[in-house]
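Participant: Below: one structure in C-alpha cells.
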Amino acid sequence: MTNKLKLDEKELAKIDEKEYDDWKQTYGDLSSLYELNWGDEYPNDNDEGWNIIRIYYGGADDDIIQTNVIFPYKVGLKKTEWGNYYTVEQAVNEAFEFYTTNPNSGFSNRYQKGSNSRIWSKIYDSCNEYFSIVKNEKYAGWTAGVPIYHPKNMSFEKVQRLYPYENGSMYNGYYIVFIAATQTTHYMIAENEKAVATDRQNLFIGWGICITILSMLFIVPLTIKERRAIKVKKEPFYNKLLRFCNPAIYMKDYDKAKVEAANVLYQKLQNTSSEDVEALNEIQAEAVSKLGISLIDKELLEDLLKKVHPKNFTKPYDAEKVALASELYSILQKENLTYNEFINVVEQSKKLQS
C-alpha cells in the first residue's frame, strides 16, 4: 500500500469551490491516505483486504442471475490529538465486521461465508443438455458511478462501463475505509438449439404414439372409477357387511372400541346365513351404531334422490309415477335409512323408467 495524501492546498483552491468542499469533508481531517494494492485491474491476486460477492435474482423479465463485488480500495487514517495508532489492517478488518454483522450495513442479514461457491455449484447443477447458465455478453447497462481507476488512453465513458466505482465508505473517529463496487455481471438461461431441435423431432414421434394410445384408451367403455362404482353397487348385502365389519380396517388408525365391536360383529356374520335378511338387518343396525359406518354410498344416494324426485314426472303429468316417486323420495330422506330400504327403492325406481 502507498501513502497518497500529498496534495497542495493552493492548487486545490483553484478547483471548483464545491469540489474543494467535498474534498475537505472527505480528506480534510486525514493524516495519511493509503491505497490498497488492488493494482491496475480488478480482480488482482495481490489484492489486500476482502471481497463481498453479491448474487441476486434478476427476475423473470430480466437476466435471471446478477452479481457484483464490493471491496475496500483505500484507507485514510485521521488526525487525532494524541496520535492515531490504528493500522490499515485494523481498519480494513473492522470495516469487514461492520458490513457483515452490523444491521445498519444492509448486508448483515444476507451475508453467508462461503455461500458463493455453494450457490454457483447449485446453479451449474441445474444445467442440462437443453439449457445452461451463461454470461450475457450483450448486456450493455452499467452503473454511472465515479471510477476508482482511469487507465490512460481510455475514455471516461468506457472506464465507467468497465471499472469499479466508488460505493460509499465506513468510518469512525480514527479512520475511513473507502468502498468500491464492480459493475454488475449478468447471467442468463441459454438454450442448446441443436439438442432442442433433435428432441422436438423425437417429441413429434412420441406425440403420435401417445395420441394413438390415448385414442385406444378412450375406446374402453368404463374407467377404473366406474368399474369400482359398479362393483360396489352390485356387491351383495352380506359381502358388504363382511367388508365393513372386518376388524382389520380399524387397526390402521387403531381404535380399541371399534376393533372389539367389529370383531364381535364379524363373528356373528360368519355364523349367519347370507339369506337371513332379518338377522343381517340387525347386524347392520348394530354396525351403524357401534362402528359409525354407512353401507349406503353417498354418491349413489344423491343420484337416486335426483332420479326419483316427483317433479321429474309433472311434465308431462303422470299421476301414478308422481305418487310412486313421492313415496320413494320420502323413504330416501329418512334419517335412519337402512341399506335394505335403499336397495328396495333402487328396485322400485325401475318402474319409473317404463
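Participant: Using modelled backbone amide H atoms (1.01 Å from N, in-plane), which distant-in-sequence or interchain residues come within less than 5 Å of Tyr171's amide H?
Facilitator: Val177
Participant: Additional query: For the range 241-246, what does the Karplus curve 6.51 cos²θ - 1.76 cosθ + 1.60, with θ = phi - 60°, yield as ³J(HN,Hα) per residue in whole Hz, taken in order and with x for Gly and Pro?
Facilitator: Along the range 241-246, the couplings run 5, 4, 5, 6, 9, 5 Hz.
Participant: Multiply the residue gap between Glu335 and Asn104 by 0.36 nm, knock off their C-alpha separation, and tell me the result in nm, one decimal place.
Facilitator: Additional length available on full extension: 76.3 nm.
Participant: Now, a different point. With a ≥ b ≥ c the root eigenvalues of the C-alpha gyration tensor of the range 72-123, is it rounded (a/c under 1.5), prolate (a/b larger than b/c) or oblate? Don't skip to the end; give the middle numbers.
Facilitator: On the way: a/c = 4.16, a/b = 2.57, b/c = 1.62.
Verdict is prolate for the range 72-123.
Participant: Something else now. With the alpha-carbon atoms as the only input, what is the per residue convex hull volume for the range 63-167 in Å³? Walk me through the numbers before you get to the answer.
Facilitator: Working: hull volume 18.3 nm³, N = 105.
Per residue, the Cα convex hull of the range 63-167 comes to 175 Å³.
Participant: From the Cα gyration tensor of the range 299-349, with a ≥ b ≥ c the square roots of its eigenvalues, which class applies: rounded if a/c is under 1.5, or else prolate if a/b is larger than b/c, or else oblate?
Facilitator: Details: a/c = 2.25, a/b = 1.93, b/c = 1.17.
It comes out prolate by the Cα gyration axes.
Participant: Order of 179-189, 70-80, 282-292 by packing, highest average Cβ count within 10 Å first? Show your work: numbers first, answer last.
Facilitator: Working: 179-189: 18.8, 70-80: 20.7, 282-292: 16.1.
Top to bottom by mean Cβ count within 10 Å: 70-80, 179-189, 282-292.
Participant: Return the sequence-ordered ³J(HN,Hα) values of the range 164-173 in whole Hz as given by the Karplus equation 6.51 cos²θ - 1.76 cosθ + 1.60 applied to θ = phi - 60°, using x for Gly and Pro.
Facilitator: For the range 164-173, the Karplus curve yields x, 10, 4, 9, x, 7, 10, 8, 8, x Hz.
Participant: Stretch Ile343-Tyr20 to full length: gain in nm at 0.36 nm per residue minus the Cα-Cα span? Before the final figure, lay out each step's value.
Facilitator: Details: separation 323, 0.36 × 323 = 116.28 nm, distance 10.04 nm.
Extending this stretch completely gives an extra 106.2 nm.
Participant: Here is a follow-up. Find how much the distance from Glu260 to Ala248 grows on full extension, using 0.36 nm per residue of separation minus their present alpha carbon separation; answer in nm with one decimal.
Facilitator: On the way: separation 12, 0.36 × 12 = 4.32 nm, distance 1.07 nm.
Here the segment from Glu260 to Ala248 would lengthen by 3.2 nm.
Any read-out appearing in this document is the output of simple, stated calculations on the displayed coordinates, not a laboratory observation. Since we're looking at a predicted model, the values are computed, not measured. Virtual Cβ from ideal backbone geometry, glycine too; neighbours counted across all protein chains shown.
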